[in-house]
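The values are calculated or read from the model by the stated rules, or taken from the named source; none is laboratory data. Keep in mind it's a predicted model, so treat the numbers as computed, not measured. Heavy atoms of the whole protein, side chains included, go into the accessibility calculation; ligands, DNA and RNA do not. Shrake-Rupley method; radii C 1.70, N 1.55, O 1.52, S 1.80 Å.
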Amino acid sequence: MRRVRTVTDHERRARLARRHALAPTERVGDAVAATRAVTVLHATEPATVALSLQARVADLARDDVRAALEVDRTLVKQLAMRRTLFVFPRDLLPASWGSASARVATQQRGRLAREVVAGGLAADGEQWVAQAGDAVVALLAERGELQAAEVRAAVPALDVGIEVAPGTAYGGTQPVVPRLLTLLGLEARVVRGTNAGHWRVSRHRWALAEDWLGEQPAPWDERAGWAELVRRWLRSHGPGTAADLQWWLGSTKTAVTRALGDVDAVEVRLEDGRAAWLLPDDLAVEPDVAPWAALLPVLDPTTMGWKERDAYLGPHAAAVFDRNGNAGTTAWWNGRVVGVWVQDDAGRVVVSLLEDVPPTGRAALAVEAERLTAWLDGERVGTVYPSPAMRAALA
C-alpha cells in the first residue's frame, strides 16, 4: 500500500511563499505570471488587482496593469466562482465559461426572468431576457464598447427597473441593464473592456467577447472545465482539502470529487491529520524559503484562497475577516498573517501588528511598507471591506 505523506504547516508556508510569488526572492517578472501564480485575482475592488500584482512583481508600473487588461488583453475580468469578479489569464477563460461561470449564469438567468415577471415587465420572463440580451449584443456589434448607462440611453425599452428582494433592508429597485450585461458576461457573449475611470475605480465599458478578444473561443465541456480549474488551483494552492476546493469553486461535492479524479490528484495528509490533495507530479518536498514579509491588499487571492485557513491565520480570523467572509489587508511574516496595514493621512503605509514579531520580521515588514508607500505615491486606497483590525488601526 502507498504510504500517504504528510505536508507540514511549515512546508505549506514555503509552498505559499514560492508558488504565490510572495517572498521578495520569488517575485515574478510581469502581471500575467503573477496572476498565474495564484490562478486568478480577486477583482471585486478595482484596487485589489493592481495591489495584488504589485506585491508579486518586482518592478510593476501602473501602466503595466492597464496594458495587460486593456492593450494586450492577456488578462480579462470575468464573473465566475461564487458569483465573484476575478481577473483570469486569458487562456483559462473557456474552462470557466463552461463550468463556474455557466453555473452562476444558470442561476442568474432564472432569477432575472422571475423578477421580470414579478415586476410586470413581461408575462414570459425567459423570452423577455432572451430578446433583451439579443438587443444588447446587436447594439454592441454596431456601436462598439459602451457603458451600461449608454446602453440604457440607446435602447429606451431597456431603461426600466425591477424590484429586488422586496421587504428586505437591502432590497429596492434596480435598473435591469447592468443585470443583463452581467448575465451576458457570464454566458461569454460580452466582456468587461476598457475602464473609463481611475485605477482605483471601476467604470468599465462592455464589449462583445469576439471583438475584445479578437476571436470567440468556445466554452469547454463542463466536466473538462471543472477539472482545469481544479488543476490550476492545486498547482498554486495545493495541498488543499475537498472542502477548500468546493468553497473556492462555488461548486458541489460531486463535481469536486469527479474533478479530483480527472486530474489524478493524490491524497496527502495535513499536519492536523486532515486529508488533502496534490497533483501527481507535485509530490516532492518543497525546499525552505528564507524568512520573508509581504503586505497584501483587501481580498487578496492568497488570503482568500482556502476555506480552512488556520495554517496561516492562526487566531486572527475574527480580526482580519468581516462577518461576510471578506478579508481586509494583511501583513505576513514567514507564511503567517501577523497583522494588517492601513494608510495614514499623508498616504504612508503603516503596519499594525496583531502579535509579537521578532526584530528581523519588523524590519522586513518596514521595508515592504516603504516599498508600497513609494508605489502608491501619496494616493490613498479606500475599501468597503475594512476588517475589525483595520478599523482599530485607523482609530
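Observations on the model:
- Accessible-area order (highest first, 1.4 angstrom probe) of the listed residues Val263, Val137: Val137, Val263
- Helix 100-118 vs. the chain, principal-axis angle (Cα, 0 to 90°, nearest 10): 40
- Ser387 long-range amide H proximity, modeled H, under 5 Å: Gly328, Thr329
- Sulfur and carbon atoms: percent of accessible area, the chain [1.4 Å]: 51
- For His204, the residues whose amide H sits under 5 Å from its own are Ala196, ignoring neighbours fewer than 5 places away on the same chain, with H placed 1.01 Å from N.
- Acute angle (nearest 10 degrees) that the helix 176-186 long axis makes with the longest principal axis of the chain, alpha-carbon atoms: 60
- Relative contact order (%) - criterion: Cα under 8 Å, at least six apart; region: region 111-260: 16
- Mean separation of Cα contacts under 8 Å, 6 or more apart, over the residue count of region 252-337: relative contact order %: 27
- Taking the longest Cα principal axis of the chain as reference, the axis of helix 253-262 is set at about 70 degrees.
- Distant-in-sequence amide H partners of Gly339 (H built 1.01 Å from N, under 5 Å): Ala331, Leu354
- J(HN,Hα) series, region 122-127, from Karplus relation 6.51 cos²θ - 1.76 cosθ + 1.60, nearest Hz, glycine and proline x: 6, 7, 10, x, 4, 5
- Only protein heavy atoms count here; under a 1.4 Å probe, Asp59 has an accessible surface of about 140 Å².
- Mean-position separation - Cα centroids, region 312-386 and region 190-245, in angstrom: 27
- Shape class of region 1-107 from the alpha-carbon gyration tensor: oblate, with a/c at 1.5 or above and b/c at least as large as a/b.
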